[in-house]
Amino acid sequence: LRVAAGLVCAQSALVNGMIERAKNAFKGVRNMMAFVSDCFDEVAPRHFGVGHLDIMAYLARLDLEVNPLAAHHFLQQAVEKPFAKAQRNRLHFAGVDDKLDDLPACCVNSSGLITLDQTGVPADVGQVFLLSKTGTGKYLPVNVRPLLGTRVISDTVALYLLVDSASWGNLGHALAFFVPILYGIFRRDYSSGGLDAVWAARERLRLYLRMIGLDQKLLVTRRSNLLPWLTLATAAEPQFIPDKVPDQPRVDLESVLKGIHIFEEDQVDCHVGAIWQQPVGDQGFTKEAFDVFTDIARNFPPWQVDQEALVRRVWGLGSLKAGNDPCLQPASHCVRALVIVRGNQAKQKRVVHNLDEAIRQARNMFPTDHLRLAVVQMEDFTLMEEIALASWTDVMIGAVGSAMWWSIFMPAG
């Protein structure tokens, strides 16, 4: 409906000579089509007899003055490049879907501008944009010029992430953002060589973070739920590229972002290749994607914990030693249930009001060697403990919210 409304508005403005308004409306339609093209192609032809490519073709036939697919965007149907793959000939910018080195040799400067090596790029191609689906969507302009032979190029691969405020501060959004990215980065290594190949590929990656505009001011008011997960992607210290926001007070990033290097004013880093963040698509939330992500996180060497002590602390009974307690054995008929109570960060929203009564009834109905029920606030545990805890959980109970994302680490079945 939004696409149809945008087309009607744009066409009306065009007929009435309101060129700038028409241009903006067609731009909005193009963005919406790029974001929802797969779903649109499944539904629209059955009901309307028109698909994604039909509307894109219609847009392409418009006067160049308002044509959103004019030469200032990089059309893959015009040129096939490893850093700009065509998917059913639609406008689609670089993702990490097909190969590790998704972008060619590139440099990143302190303003966040990416410069790609122009080798093999036709001279008549206009300005190149990279598509980010963070927030409501953004197009990030990049430069294209000769780099090889003019710069010192590191043999490492840059991973460039454009992060929005929701992905930065909310666990659910952080995992929804990062699961497809980690899967896209390492899936070929994981498939060919398992976790050892993943750890080796991780050594080559250099991670760059950027938050655009007003999102950045939230750094001082909201703890990051994304930052710890980024360790899975790179062995090097992540680099944060500050965005200069007019009329906004300077954020003291050094005190806020512990364990991250703040990009210096005159710093320029060049790499033999780069990965642009993967848009969430058909492959982003498959079972395979979650299996790869959870296997990497569970077995990440620095995140190993004493699982026996953790399980005894949460589900143990003081009267039984761990070796004599059937509920503390990995293979057990005892059901380990975890009731997650939302903590201080949730600000008492979405509370189960009769939770205490329900817990009492459950404990009265089942003996302790059949059901072991623990009530926890996940923020009382470290990240690695939270992963291990979820991996031992048979039943997870709680109010809808970010904490339910921990269920991705639960055992199958």
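Counting only protein chain heavy atoms and rolling a 1.4 Å probe, the accessible areas of Ile296, Ile408 rank, largest first, as Ile408, Ile296.
Dimensions of segment 148-200 along the principal axes, based on C-alpha atoms and rounded to the nearest Å, stand at 42, 32, 13, largest first.
The values are calculated or read from the model by the stated rules, or taken from the named source; none is laboratory data. Quick caveat: nothing in here was measured; it's all calculated off a predicted structure. Please note that ligands, DNA and RNA were not included when accessible areas were found on the heavy atoms of the full protein model with its side chains. Shrake-Rupley method; radii C 1.70, N 1.55, O 1.52, S 1.80 Å.
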